[in-house]
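Computed from the coordinates by the stated procedures, all read-outs in this text should not be read as laboratory data. For clarity, every value in this text was computed on a predicted model and none was experimentally measured. A quick note on method: Cβ atoms are made from the backbone with ideal geometry, for glycine too, and the neighbour counts reach across all protein chains shown.
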């Protein structure tokens, strides 16, 4: 009896083991791996002009690539797209973290798409200085706008290199305009130098503020306020509405102390709520008034021309830097010089000048 109980082959035994079924195959043997087609410059341009979002996204990825081969192809694409660009209103939006930039852009964007506009949002996302990683969460924060057929949202990591982002963002603007977007919004990180760079690539610069932000931001406010074409005190709803009106009045008084702008425009101050949508329409009307005035007095086109000349200057500087640091002899000399600098055997200034002299000498010998 005991032997019968422990007999695993006995079907009546609690210890009997059933064969069971084999695990299903986890790999689909019928699945064919299709390699993505390599696009030429003409393929990219054709797709962009036709409004193909997939091709536009691939072209932007090409621009953001650090590979030398990709950069050569990207420049061909940009050159071919240039004749189709320039027809949008370029709007820069900045403000300290937490001011509600993404919520504001979504509210403004939905209003504009409902009015028949096509908008592109290029959001420069803050990156970790250590890992260069980035959350790129703007599509998550602008969930409704990201699903709009007339909107295109492209977050780009700053990766600690604002100069590189500025150059690539300008190039992406060209592609978006060629794709038919008549309004391009640039959202900045909201800390320091990124505002200056954003201001250099847009037509209208909007500063979002909060009421009761405190005096700790006064240092950054002054410089940005001088660049702003309009200031909007956001989150002016509920109990904060009256407080926001008081803050707006203070900003108006502060703006009167600044010198008259070259463009003939007097900056305006508004209160708004991206949550309730109050004041959003008035702010867009302000943008339209600015564009109409500056086109009439010629400043709009003058500013665009100056931006293009600035791009020329920055491109030359960047090209020289790239050529210098990619020079094989210079790479070797820099590696040797680091030990001397760290051991305080020679000044970094002297080594820098010596490296530049050697670089020019290598060019002559070529």
Legend entry - Shape box of segment 38-84 [Cα atoms, principal axes, largest first, Å]: 27, 21, 16
Legend entry - Cα-Cα separations in segment 299-366 greater than 14 Å, expressed as whole percent: 69
Legend entry - segment 207-366, relative contact order in percent, only Cα pairs under 8 angstrom and at least six apart counted: 16
Legend entry - segment 38-84, relative contact order in percent, only Cα pairs under 8 angstrom and at least six apart counted: 42
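Compare the peptides 87-98, 48-59 by average per-residue count of other Cβ atoms within 10 angstrom and give them in order, highest first. Before the final figure, lay out each step's value.
Numbers: 87-98: 19.3, 48-59: 17.2.
Order by mean packing, descending: 87-98, 48-59.
Based on alpha-carbon positions alone, could you give the equivalent ellipsoid semi-axes of segment 199-343 from the gyration tensor, as √(5λ), descending, whole Å?
Details: eigenvalues 345, 106, 37 Å².
Computed over segment 199-343, the values are 42, 23, 14 Å.
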